[in-house]
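A.B. asks: Dropping a structure here in structure tokens format, bear with me for questions.
The values are calculated or read from the model by the stated rules, or taken from the named source; none is laboratory data. Nothing here was measured: the structure is a model prediction, and the numbers come from that model. Here Cβ is always computed from backbone atoms with ideal geometry, including for glycine, and neighbour counts include all displayed protein chains.
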Amino acid sequence: MNTLASLKTLATSTLIVSIFALTACGDSPDSTTTSANEDSTNNINPVEARQATMHDLNDAMGVMDNMVKNPAKFDAITFKKEAAFLAETSEKSWEYFDNQSAGVGGATEAVWNDKEGFATQIEMFKAVSAGLNDVAQNAHNVDDVKTAFAAVGAGCQSCHSIYKAE
Ligand code: HEC
């Protein structure tokens, strides 16, 4: 079984679904409005920028997780918007990890010692995020999205288990 397939299998177990609930973030619940890497000052701190992006991902996951846990609250338009945000962010937000000399932050040294493994995690995350965005576009209820959503949660956790400290 390849890694992506095993990630998807892992995602179908219920273990993973609430990891984002464990990491409370202080910023706006509307994940699409602000982001430190869109800072107009041109004075971007890479560690802060990538952490802000992670908070935005976390917020988007929180909004969707709330619907997955409360199917009666499913709102197709909001879910679609958050899934699109995740897919888009998964494609473009990794350059702030490039330069270790900018600071290790809450990452592990493995981000820079094992660049290939980190890149593999990014690719898997892009794939599962695109998968969720695909199903979200035509989703009518939680059943339409929950497997793909769990795969994204597994993607967050899979990367964090190696590349995020704690
Ligand atoms: C490819 C690897 C990878 C993926 C995928 C990933 N993360 Fe992260 N995440 C990290 C790393 C590395 C850090 C530590 C960054 C730092 O502090 O410099 C981090 C940090 C975080 C933080 C803490 C930010 C802070 O302020 O310290 C949160 C919250 C977070 N991630 C949420 C998520 C969520 C939710 C997902 C999935 C939707 C996700 N991450 C996907 C690698 C990843």
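A.B. asks: So, ALA60, is that one buried (at least 17 other Cβ atoms within 10 Å of the Cβ), within 8 Å of the ligand (Cβ to nearest atom) and touching a residue at least 12 places away in the same chain (Cβ under 8 Å) or not? Lay out the reasoning, then the answer.
C.D. replies: On the way: buried (at least 17 other Cβ atoms within 10 Å of the Cβ): yes; within 8 Å of the ligand (Cβ to nearest atom): yes; touching a residue at least 12 places away in the same chain (Cβ under 8 Å): yes.
So ALA60 fits the description; yes.
For (1) modelled with pLDDT of 95 or more; (2) touching a Pro at 6+ places or on another chain (Cβ under 7 Å); (3) in a loop (DSSP other than H, G, I, E, B), each residue gets a yes or a no:
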position: PRO29; (1), (2), (3): no, no, yes
position: ASN42; (1), (2), (3): no, no, yes
position: ASN66; (1), (2), (3): yes, no, no
position: LYS80; (1), (2), (3): yes, no, no
position: VAL104; (1), (2), (3): yes, no, yes
position: VAL111; (1), (2), (3): yes, no, no
position: GLU116; (1), (2), (3): yes, no, no
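A.B. asks: Filter segment 63-77 down to the residues that are more than 12 Å from PHE149 (Cβ to Cβ) and among the basic types (Lys, Arg) and list them by number.
C.D. replies: Listed by number, the list holds a single entry, LYS73.
A.B. asks: Suppose the filter is without any contact (Cβ under 8 Å) to a residue 24 or more places away in the chain and more than 9 Å from the ligand (Cβ to nearest atom); does GLU82 pass it? Outline the logic, then answer.
C.D. replies: Details: without any contact (Cβ under 8 Å) to a residue 24 or more places away in the chain: no; more than 9 Å from the ligand (Cβ to nearest atom): yes.
So GLU82 fails the test.
A.B. asks: Would you confirm, using the coordinates I've provided, whether VAL152 is in contact (Cβ under 8 Å) with a residue 24 or more places away in the chain, near the ligand (Cβ under 7 Å from one of its atoms), surrounded by 20 or more Cβ atoms within 10 Å (Cβ to Cβ) and among the β-branched types (Val, Ile, Thr)? Full working, then the answer.
C.D. replies: Working: in contact (Cβ under 8 Å) with a residue 24 or more places away in the chain: yes; near the ligand (Cβ under 7 Å from one of its atoms): yes; surrounded by 20 or more Cβ atoms within 10 Å (Cβ to Cβ): yes; among the β-branched types (Val, Ile, Thr): yes.
Against the criterion (in contact (Cβ under 8 Å) with a residue 24 or more places away in the chain, near the ligand (Cβ under 7 Å from one of its atoms), surrounded by 20 or more Cβ atoms within 10 Å (Cβ to Cβ) and among the β-branched types (Val, Ile, Thr)), VAL152 qualifies.
A.B. asks: Condition first: crowded, with 23+ Cβ neighbours inside 10 Å and not β-branched (Val, Ile, Thr). Now tell me which residues in segment 122-135 satisfy that. Can you show your working first?
C.D. replies: We begin by selecting, within segment 122-135, every residue crowded, with 23+ Cβ neighbours inside 10 Å; these are 125, 128-129, 132.
Residues satisfying the conditions are PHE125, SER129, LEU132.
A.B. asks: Might you check whether a residue that is modelled with pLDDT of 95 or more, of a type in the set (Val, Ile, Thr) and not in a helix (DSSP H, G or I) occurs anywhere in segment 50-58?
C.D. replies: Going residue by residue through segment 50-58, those that are modelled with pLDDT of 95 or more are 50-58.
From the residues that got through so far, the ones that are of a type in the set (Val, Ile, Thr) too are 53.
Narrowing the set further to residues that are not in a helix (DSSP H, G or I) leaves none.
Checking segment 50-58: not a single residue is modelled with pLDDT of 95 or more, of a type in the set (Val, Ile, Thr) and not in a helix (DSSP H, G or I).
A.B. asks: Among what's in segment 112-142 and is under 14 Å from the mean Cα position of the chain (by Cα) and among the aliphatic types (A, V, I, L, M), pick the residue that is farthest from the ligand (Cβ to nearest atom).
C.D. replies: ALA130
A.B. asks: Would you confirm, using the coordinates I've provided, whether VAL145 is more than 12 Å from the ligand (Cβ to nearest atom), crowded, with 18+ Cβ neighbours inside 10 Å and in a helix (DSSP H, G or I)? Quick ask: steps written out before the conclusion?
C.D. replies: On the way: more than 12 Å from the ligand (Cβ to nearest atom): yes; crowded, with 18+ Cβ neighbours inside 10 Å: yes; in a helix (DSSP H, G or I): yes.
Spelling it out, VAL145 is indeed more than 12 Å from the ligand (Cβ to nearest atom), crowded, with 18+ Cβ neighbours inside 10 Å and in a helix (DSSP H, G or I).
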